[in-house]
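**Q** Structure in structure tokens, see below.
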């Protein structure tokens, strides 16, 4: 593994003033810096780690999906390229200390802790500044699934599948590169039944990545069904999508 003479820390954006005064290279590991962050024009975005597509998962506190997607980015990039990118930042700024910045405070969920854990697994330490955090709390958060926490209504797969077979589905003609059909909540005929099926799909569905987001997919015969992460709560959901399995 590539060795670099560099100190790497993680920290919240709230500490940015102190970090600037200590001559750190300021780096965001969540993509472009948004919001009212002081000195954000001085923060470098670590290439390949935008979390914009994950924003609905984070809003829903679907940390399992956030972790799954971010971990995929880390593994795809690989430790050698990550260390090489850190080395490039060191040479660009002619400094020996880098801080990987994120939005969460103390023990709140944040992507920087996933990044730090990946570095640690590869024998490169990146402690939190100014004080260590309890990584056991973070690891518990990474397994948190709000849709499983919400529960389900004890429907059977057969009931859900057979109900969906009887429903009218409309072809999504505005998305020809992703052929699928959808059924609308307003046309379902029974709002509570619709929401019960949504809860079943989200509770029992298999997690699958598509387009930088996680979908919980319920399989029945030749189709799979899912809702959309933009509908954060079960009660927000206004449609169910259906894809044919080839």
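**Q** Which ones in segment 20-39 are touching a residue at least 12 places away in the same chain (Cβ under 8 Å) and assigned to a helix (DSSP H, G or I)?
**A** Across segment 20-39, the qualifying residue is only 20.
**Q** Next up: Which one of these is out of contact with any strand residue (DSSP E or B) (no Cβ under 8 Å at 6 or more places or on another chain), in a loop (DSSP other than H, G, I, E, B) and surrounded by 14 or more Cβ atoms within 10 Å (Cβ to Cβ): 109, 118? Steps first, please.
**A** Details: 118 fails: in a loop (DSSP other than H, G, I, E, B).
None of the other options fit; the residue is 109.
**Q** With 68, 10 as the choices, which residue is within 22 Å of residue 123 (Cα to Cα) and in a helix (DSSP H, G or I)?
**A** So the residue among 68, 10 that is within 22 Å of residue 123 (Cα to Cα) and in a helix (DSSP H, G or I) is 68.
**Q** Mind counting the residues in segment 211-233 that are out of contact with any strand residue (DSSP E or B) (no Cβ under 9 Å at 6 or more places or on another chain) and assigned to a strand (DSSP E or B)?
**A** Qualifying residue count for the region: 2.
**Q** Could you count how many residues in segment 126-144 are touching a strand residue (DSSP E or B) at 6+ places or on another chain (Cβ under 9 Å), part of a loop (DSSP other than H, G, I, E, B) and surrounded by 14 or more Cβ atoms within 10 Å (Cβ to Cβ)?
**A** 4
**Q** Looking at segment 200-238 only, could you name the residues that are over 20 Å from the mean Cα position of the chain (by Cα), within 24 Å of residue 68 (Cβ to Cβ) and surrounded by fewer than 20 Cβ atoms within 10 Å (Cβ to Cβ)?
**A** Hits for segment 200-238 are 219, 220, 223.
Where a number appears in this text, it was derived from the coordinates with a stated rule and is not lab data. Quick caveat, the model's predicted, so the values are computed rather than measured. All Cβ positions, even for glycine, are placed from backbone atoms using ideal geometry, and neighbour counts span all protein chains on display.
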